Structures are given as C-alpha cells and as structure tokens.
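Take a look at the structure below.
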C-alpha cells in the first residue's frame, strides 16, 4: 500500500508538460497586454474651472452714495436700478441750465417772429409825427426864405430855419427806418445768432442731463450681485466700483491644455465633462475659444538625453445645454486624450 502511494505522488511526464505550457501562455498574455497598453492611446484627466463675466458697476460721477437698492446674492435684470448717487452740484446746475435754455429760446422766438403789433404801431406813429414835423419845417423855411429875400427879416433867421428843416428831415428818415425794421423783424444774422445761442444752451442742458442720469446706477447686464464695495453715506469717486455683478447665467469652463493635447481641439468640437459639485453629473461642452498663443511652457522629457518645452494653451468650453446649478468656481473634469 505504501509503494502505491509513492507511485501516485510522482508527477507523470504528461502533467509536467501541461503545466509548463500553461505558464508559458500566461507569460505570453501578460507580455501582450503590456505591449497593447504601451502602444494604445492613453487618456488623462484635465481639470477645468467654471468662470463667468464679471462687471464692476460704477458711476461716472463723483458724489455721496445715497442708497443701495439690492442685496448681495440678489438676482437682477439688465437696466434695473441698483443704487443712487447724491450730487447737489448737479441739481444746482440743472436749475441754472434750465433758466439759460428758457432765456435763449425766448430770444430766438423774438428774433424769429419779429416785433409785436403794438411795437409796429408805435414805430409808425413816431415816423408819421416826424414826417409832419419835417413838412412843417420845410414850409416854415420856404416862408422865411421869401421874407429874407425881401429884406423883411435878417438872414440869420433863414439859416436857423434851414437848419431846423434839415434836422427834421433826418429825424423823419430815422423814424422811417425804425418803422421799416419793425415791419421786417430782426435781421437774418441776428436770427441765426439767436438760434445758435438757443442750440448752445440746449447742448449744455443735455450735458447736465447726462450727468444727472449718472446719479442712477443701473445694472449693465442680468446676473447676480456679488459683493458691495461701498456703503451708503460714503463718498465714491468717478469710476469707483460700488457693486460687483456676475453673469452667472452664461458660464464657461476654462482649461489649460498642453500643445500635445491640442490635436482634436477646434472651435465647435464637443467634449463630455464631469461636475463633482453636482454629484458627478455629466454634461456636454463645446469649444468656444482657443488662445491664439501659448501662455506658458513646462519642460517635458521625450528621452533621457533630451526634452523640449511644452506650451500651454487656454481653451474655453461653453455648455451645449443649460446645466442647472452650474456656478463659477466649480470644477469640471474631462478625460482628455494624451
């Protein structure tokens, strides 16, 4: 019985050959798998950051911040009133310019319409009175001239009568000119000058109105209010931002790719990204911008004896469809071909 058990424990030549073949097959499979993994295209993970356009909402006017009508984090619409600037100087200037416009327009209307009917009637009366006085002076001179020729009166009286007649005639011509001017109205040059002054006053009024409009700070776009950079009662300078507004409804993802990852990247090409903040939700993104030049370089070895600098390119991708909950600052992961 013992001899029989010993004989069973010794492997047969057939069993040895089978084990060697299995081992050789296993080694061959491992080698083949290694070669396939070495030569097959690899993918690597690229991380992108969600970004959105940000506005620094400011006024072109220096003044005191009167009130802020929105809270941080509040959604606003384009053109919505966000804050007001108090500027007493603009209010005083508005009163001045309104009075100047009214006065200039009155002068222009007067030059355009001419003299009033009562002014024309008065000018006509002055002319007729002067004409009557001139006729009387002429008749008087003729009478005195005859008497002087006859020697009845002295020649000095004739000279006085002649001087009075000439003065009366000149007064008549002056009165007639006043009457004609009243009939014809202002001269063309005067009317143009009056109209130009009125236009100038209206231009100043438009400038003041534009300054007054700047006391109302409106939302330049729809979005969410970020931070408040000034408080009511503070003096804010021209161009100093009062609020930060982020256009959260139009986000994009910014990734930086090495130049050896740019093979299949073109405007309009689409890629699938995973959003960890939204429970690893997947979404499709489309390339909307590729930087025209590389921003920086990193050294990458190709062989042990040599290497080259690999440029990095900024690429922006926008969601193909709206992704609810996607906000600036979130990460998006892409499996990118290496």
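Approximating the spin labels as points 7 Å out from Cα along Cα→Cβ, the residue 327-to-residue 153 distance works out to 11.2 nm. Here the spin labels are modelled as points 7 Å beyond Cα on the Cα-Cβ line, and at residue 136 and residue 213 they lie 6.6 nm apart. Using the Cβ-Cβ distance between residue 227 and residue 49 with R0 = 25 Å, the FRET efficiency computed as 1/(1 + (r/R0)^6) comes to roughly 0.80. In percent, rounded to a whole number, the relative contact order of the range 221-280 is 29, using alpha-carbon pairs under 8 Å and six or more apart. Highest-first packing order for the peptide set 68-74, 173-179 is 173-179, 68-74, based on the mean count of other beta carbon atoms within 10 Å.
Readers should treat all values here as calculations from the given coordinates under stated rules, not as data from a laboratory. All values reported here derive from a predicted model rather than from experimental measurement. As a convention, Cβ positions derive from the backbone with ideal geometry for all residues, glycine included, and neighbour counts pool all protein chains shown.
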